[in-house]
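For reference, the structure is listed below as structure tokens.
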Amino acid sequence: MRGGRLEAKKILDSDWVCLYLEVLGCMIGGIPGPGHPRSLIILREVTVSNQERLDLHHQVYAKLARFTKLREFRKISKRHVWQYECLSMTMESGVDVLKDLQNLRVVELWYLDNGIYNAEEMEWVQKNWPQVEIRFKKF
């Protein structure tokens, strides 16, 4: 629950066999956020376009959407630092791909720069995940 870090590129390059996972708690990194066109992916600086960033989000969401038994999703940073290069969890980034995760009950976002914070995302949660409790941890 205080898990490590999964890099987006490694998620996409992996075959996940544990599709019955019920709890996932880790930081998903290696994705530059809006306004952060540069990323330190695998210890080298990479510049990505907004479209490449959004494509990467959609591909990671598609992998996560396969966890149809998921009850808890916790995007956490155990170092108590803001997560900038991570899965954004916004409408713009494509969080709608996760709408079929109907077993979700808890989504916890620790120190996330772009998350389910504004009215549009909260309305989406009410419509698609009516039983989900969104928890935030900020400084």
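Could you count how many residues in region 1-13 are buried (at least 17 other Cβ atoms within 10 Å of the Cβ) and modelled with pLDDT under 85?
Qualifying residue count, region 1-13: 0.
For region 120-139, how many residues meet the condition of being under 11 Å from ARG105 (Cα atoms) and part of a loop (DSSP other than H, G, I, E, B)?
Total meeting the criteria: 4.
Is it the case that region 39-59 has a residue that's in contact with a Leu (Cβ under 6 Å, 6 or more places away or on another chain), modelled with pLDDT of 80 or more and closer than 27 Å to TRP16 by Cα?
Of region 39-59, the ones in contact with a Leu (Cβ under 6 Å, 6 or more places away or on another chain) are 59.
Checking which are modelled with pLDDT of 80 or more leaves us with 59.
Still in the list and also closer than 27 Å to TRP16 by Cα: 59.
Scanning region 39-59, I find at least one residue that is in contact with a Leu (Cβ under 6 Å, 6 or more places away or on another chain), modelled with pLDDT of 80 or more and closer than 27 Å to TRP16 by Cα, so the answer is yes.
Restricting attention to region 111-134, which residues are under 14 Å from the mean Cα position of the chain (by Cα) and either at pLDDT 90 or above or open to solvent by less than 10 Å² (accessible area, probe 1.4 Å) (or both)?
The first filter runs over region 111-134 and keeps only residues under 14 Å from the mean Cα position of the chain (by Cα), leaving 111-117, 121, 134.
If the condition is that a residue be under 14 Å from the mean Cα position of the chain (by Cα) and either at pLDDT 90 or above or open to solvent by less than 10 Å² (accessible area, probe 1.4 Å) (or both), then LEU112, GLY115, ILE116, GLU121, ILE134 are the ones that fit.
What residue, of VAL106, VAL81, is modelled with pLDDT of 90 or more, open to solvent by less than 70 Å² (accessible area, probe 1.4 Å) and not polar (S, T, N, Q)?
Working: VAL81 fails: modelled with pLDDT of 90 or more.
Going through VAL106, VAL81 in turn, just one is modelled with pLDDT of 90 or more, open to solvent by less than 70 Å² (accessible area, probe 1.4 Å) and not polar (S, T, N, Q): VAL106.
Would you point out the residue of region 89-100, among those that are of a type in the set (A, V, I, L, M) and open to solvent by 10 Å² or more (accessible area, probe 1.4 Å), that is modelled with the highest pLDDT?
Let us first name the residues in region 89-100 that are of a type in the set (A, V, I, L, M), namely 89, 91, 95, 97-98.
Still in the running and open to solvent by 10 Å² or more (accessible area, probe 1.4 Å): 91, 97.
Values: MET91: 91, VAL97: 95.
For region 89-100, the residue satisfying everything is VAL97.
Are any of the residues in region 14-33 closer than 20 Å to GLN131 by Cβ, modelled with pLDDT of 85 or more and assigned to a helix (DSSP H, G or I)? Show your work before the answer.
Step one: list which residues in region 14-33 are closer than 20 Å to GLN131 by Cβ, which gives 20-25.
Narrowing further to those that are modelled with pLDDT of 85 or more: 20-25.
Applying the additional criterion that residues be assigned to a helix (DSSP H, G or I) yields none.
Looking through region 14-33, none of the residues is closer than 20 Å to GLN131 by Cβ, modelled with pLDDT of 85 or more and assigned to a helix (DSSP H, G or I).
The values are calculated or read from the model by the stated rules, or taken from the named source; none is laboratory data. Note that the structure is a prediction, hence the values are computed from the model and not measured. Reconstructed Cβ throughout: ideal geometry from the backbone, glycine too, with neighbour counts over all protein chains shown. What goes into the accessible areas is simple: the full protein's heavy atoms, side chains included, and nothing from ligands, DNA or RNA. Shrake-Rupley method; radii C 1.70, N 1.55, O 1.52, S 1.80 Å.
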